[in-house]
Amino acid sequence: MLSKPYTIEDICRIVAGDLTGDHPQATVSRLLIDSRKVVFPEDAIFFAIPGERHDGHRYIEELLDKGVRNFVIEKAGSIRQDANFIMVPDVVTALQQLAAAHRRQFDIPVIGITGSNGKTVVKDWLYQLLSPDQEVVRSPKSYNSQVGVPLSVWQLEGHHELALFEAGISKSGEMKNLQAIILPTIGIFTNIGQAHDEGFDNLKAKIREKLLLFGSVGQLVFCEDHQPLAEEVRQFAQSKIQLFSWGKGSGASLQLKAIRKKGGATILEAVYRETELSISIPYTDDASIENAMHCWAMMLLLGYNQAVIRQRLRSLQPLAMRLELKSGINNCSLINDSYSADLASLKIALDFLAQQQQHPQRTVILSDIVESGRKSSELYEEVGRMIREHRINRFIGIGENIRNHQSCFHQPDPGAVSFFSNTSDFLETFDPAQFRDETILVKGARKFRFEHISKALESKFHQTRLEINLNAIVHNLNVYRQMLDPDTRIMVMVKAFSYGSGSHEIASVLQFNRVDYLAVAYADEGVALRNAGIGLPIMVMNPEAESFPAMVKHRLEPEIYNLSILEQYMAYLEAHYSGETSPIHIKIDTGMHRLGFAANQVDELLGLISPESGLKIMSVFSHLAGSDDPAHDDFTEQQILQFREISDKICRSADYPILRHILNSAGISRFGAHQMEMVRLGIGLYGIDASGELDLIPAGTLKTTIAQIREIPADESIGYNRSDYTRRDSRIAIVRIGYADGINRKLGNGKGKMLVNGKRVPTIGDICMDMCMLDITGISGISEGDDVIVFGDSLPVTEVAGWLDTIPYEILTNVSQRVKRIYYEE
């Protein structure tokens, strides 16, 4: 029987590849597909997956430098000395073959889950429900794709007793690959919906494709009420698969008789084998009810006692669906993941911590890992190894179990490890001065109440906050990437505090996702990025003579837009850095008539930039004045034509390649034929698209809270200047946001609206410095302390900008620095 670690010789045989290398007995226990996530290179094998934008073969040299010595490739030119290379026809297929071979080594129950919605929630809830009795392995996050499934299955180890794997597809022909890897023995088909309809001929074709996952199962759970699904399931199963259905009809194995919602809970009453049963779940939404029914059905199918089922479903915990990055005390950065603690989510959190470059010092505060099903000694030995692999500088363990296994956490500095019996003990000895200039991960099981630790470590701001969805940033980046040729580079604008969204936090995400350049407005912004560990090339768009020393010291590249700034920069370099090469960027004015060289100045410019000048032109660029407005398309085309003529002349003057860029966010989507060597992505990264045609996700949500609710009689004035009156007996909410936070005063007196409990409510009275008032008359269920959304998904910033006859840029960049930024990753 094969098991981890596998030898390179074993892997080569499994994937039917050709091995080049002198170490066929080298062993591998880790699969690597992302060159940015190398933690323990010695026993990793990298699968160089080719793609339109990122070809894994390009990063082999980088990985060799990091210590990786085992590779699976499909391009012969990638082979290097002193490493093992397995050549295969298709790298993704090889990854799937290896995972399928690994799966066949285990004879344990494997629950395979598919459907249009609910896969991840059902999987994670089943993990909560089943892990107290046995050691369960599950897919991390939503690892359900052609690449995610192999990585999930690779987690299987000899100590596991049950597996939970989800499978997702987007087109016909994909599920057979996933079925061969997962080989489920039990199945759950959650539901069928409209997701990925474009990948299938019709609804039946999509159901039949998903059903292929269950070719090896003996039992299958599904909802009888989804009629097209139920019909296809029965035809697929025939007499070969034991079906366990739930639904309202009398033919269901678990017949749902009543749904009663009360407070924040739902009681579900059903009949199973002629016995009346009931459960309670701490949720009231329809999606959670459906997910809970799948879990109830599965536990009955597995033979669980109804009393155990009732107790565990009643105690279901909300899924910790996001990591939050916040500003901490004493210039710390705080990663809050204080509601879950298991090995899979710990690995995700540690990877997120490793992405943060703003501080060299990293600290982890971790609670006991509860209900893992594993022997404590083995469990904490693995946790300790993960801490060491991620090069954590300081470790703090909280809980009796982790404290009893402190020998597993040997650090190079013995003083960098400490343990406490419980959260209260830690807080009693907490000294804020002990945490300074570091990134701190706080990760704990819900019962440890680590939110109190997070609160102690968090910078103290008022309750208004701008929440930045980092997944949305990456999604939007990839939307624009898909419009570009594979070799076109991307410069991202992070000026003005990244359009109000944050500086190094956004830059770190962009660096991790391999953009090519960043651009800032002023040198001090670039210096701050360098100090936060950002190593990408950075262009400074408004260089000043006073900033030249800082720019050179921190490897910042100035935009040169006229002869005066060029001559000043050359004089500075001659005086302080004679003989060295300095990169610059040339700005051309093609009609914006702001900064830039006119066409008749180019000859004089080129006369100054000689090979002896020490200057190297990295790029030449221009600015489109109206690329988002079809009314200006003729002018935009004229700008592009003029830029091509001028930039070609500049490029011909050099004996090295020069990048050209003129397209901004709107230009990328509307004038893609002119992307040249590089494009500049700005407002589009944050989910703003003037056309409304792109599949962008708004990245920022500005929130505040209700400080007080007042009952005000009719005809009473509200706020300063008595500019607005109640028109009836009114209920007025005073909320904690004002013009000092960036809310325009013109949004007062009913011109602006905000969202409270999903309802749009108008302002009343003038916007004050620190507060404003909302008329919530007639809307029930609103209490003091409730959240208020100023802009976000349901109230787009573009709409707010429209009320003010301005642009979203102004709304975003006006959000004050005193407003706390919270960065989260789903």
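Descriptive notes on the structure:
- Residue pairs whose Cβ atoms lie under 7 Å apart, sitting 6 or more positions apart in sequence or on different chains, and linking a residue in the stretch 539-550 that is assigned to a helix (DSSP H, G or I) to a partner that is among the hydroxyl-bearing types (S, T, Y) and open to solvent by 10 Å² or more (accessible area, probe 1.4 Å), are F548/Y572.
- The set of residues from the stretch 759-773 being open to solvent by 70 Å² or more (accessible area, probe 1.4 Å) and not charged (D, E, K, R) comprises M769, M771.
- Counting only strands (runs of 3 or more DSSP E) that sit wholly inside the stretch 309-388, those with at least 3 residues that are under 18 Å from the mean Cα position of the chain (by Cα) are 323-327, 333-337.
- With a requirement of 2 or more residues that are in contact with a helix residue (DSSP H, G or I) (Cβ under 7 Å, 6 or more places away or on another chain), open to solvent by 70 Å² or more (accessible area, probe 1.4 Å) and in contact (Cβ under 8 Å) with a residue 40 or more places away in the chain, none of the helices (runs of 4 or more DSSP H) lying completely within the stretch 160-242 satisfies it.
- Tally, over the stretch 509-538, of residues that are out of contact with any Phe, Trp or Tyr (no Cβ under 7 Å at 6 or more places or on another chain), in a loop (DSSP other than H, G, I, E, B) and not basic (K, R): 9
- Qualifying residues in the stretch 717-739 (those that are within 17 Å of I789 (Cα to Cα) and either among the small types (G, A, S) or out of contact with any strand residue (DSSP E or B) (no Cβ under 6 Å at 6 or more places or on another chain) (or both)) - the one most open to solvent (accessible area, probe 1.4 Å): Y739
- L573 assigned to a helix (DSSP H, G or I), over 43 Å from the mean Cα position of the chain (by Cα), touching a residue at least 12 places away in the same chain (Cβ under 8 Å) and surrounded by 13 or more Cβ atoms within 10 Å (Cβ to Cβ): no
- Of the residues making up the stretch 647-664, those that are in contact with a strand residue (DSSP E or B) (Cβ under 8 Å, 6 or more places away or on another chain) and either open to solvent by less than 10 Å² (accessible area, probe 1.4 Å) or free of Cβ contacts under 8 Å to residues at least 60 places away in the same chain (or both) are S647, I650, C651, A654, Y656, I658, R660, H661, I662, L663, N664.
- Residues (more than 17 Å from H585 (Cβ to Cβ) and more than 26 Å from the chain's Cα centre (by Cα)) located in the stretch 668-691: R670, F671, G672, A673, H674, Q675
- Restricted to the stretch 1-63, the set of strands (runs of 3 or more DSSP E) holding at least 3 residues that are hydrophobic (A, V, I, L, M, F, W, C), open to solvent by less than 30 Å² (accessible area, probe 1.4 Å) and touching a residue at least 12 places away in the same chain (Cβ under 8 Å) comprises 44-47.
- Every pair of residues 6+ apart whose Cβ atoms lie under 7 Å, when the first sits in the stretch 502-513 and is acidic (D, E) while the second is open to solvent by less than 10 Å² (accessible area, probe 1.4 Å) and at pLDDT below 90: E505/L325; E505/Y823
- Criterion violated by V756 - all others in (1) out of contact with any Ser or Thr (no Cβ under 8 Å at 6 or more places or on another chain); (2) closer than 18 Å to W803 by Cα; (3) open to solvent by less than 70 Å² (accessible area, probe 1.4 Å) satisfied: (2)
- D695 within 17 Å of T590 (Cα to Cα), modelled with pLDDT under 95 and open to solvent by 10 Å² or more (accessible area, probe 1.4 Å): no
- Residue within the stretch 610-624 that is more than 14 Å from N562 (Cβ to Cβ), in a loop (DSSP other than H, G, I, E, B) and at pLDDT 95 or above present: yes
- Figure legend. Inter-residue proximity from the stretch 352-372: first residues more than 24 Å from R36 (Cβ to Cβ), second residues outside any helix (DSSP H, G or I) and basic (K, R), beta-carbon distance below 8 Å, spacing 6+ or different chains. Indicated pairs: I365/K443; S367/K443.
- Yes/no for R680 being open to solvent by 30 Å² or more (accessible area, probe 1.4 Å) and basic (K, R): no
- Within the stretch 302-315, residues that are within 20 Å of L164 (Cβ to Cβ) sit with their Cβ atoms under 6 Å from residues that are surrounded by 15 or more Cβ atoms within 10 Å (Cβ to Cβ), at 6+ positions apart or across chains, in these pairs: I309/M299; R312/L129; L313/I279; L313/I281.
- Failed criterion for S253 (all others in (1) of a type in the set (S, T, N, Q); (2) open to solvent by 10 Å² or more (accessible area, probe 1.4 Å); (3) touching a residue at least 40 places away in the same chain (Cβ under 8 Å); (4) within 29 Å of Q105 (Cα to Cα) hold): (4)
- Evaluating K204 against the criteria (1) in contact with a strand residue (DSSP E or B) (Cβ under 9 Å, 6 or more places away or on another chain); (2) over 14 Å from I169 (Cα atoms) leaves one unmet condition, (1).
- When E428 is tested against the conditions (1) under 25 Å from the mean Cα position of the chain (by Cα); (2) without any contact (Cβ under 8 Å) to a residue 24 or more places away in the chain, the lone failure is (1).
- The set of residues in the stretch 84-114 being closer than 21 Å to F244 by Cβ and buried (at least 24 other Cβ atoms within 10 Å of the Cβ) consists of I111, G112, I113, T114.
The values are calculated or read from the model by the stated rules, or taken from the named source; none is laboratory data. Bear in mind that the values here come from a model prediction, so they are computed numbers and not experimental data. Cβ atoms come from the backbone with ideal geometry, glycine included; neighbour counts cover every protein chain shown. The accessibility values were calculated without ligands, DNA or RNA, using every heavy atom of the protein model including side chains. Shrake-Rupley method; radii C 1.70, N 1.55, O 1.52, S 1.80 Å.
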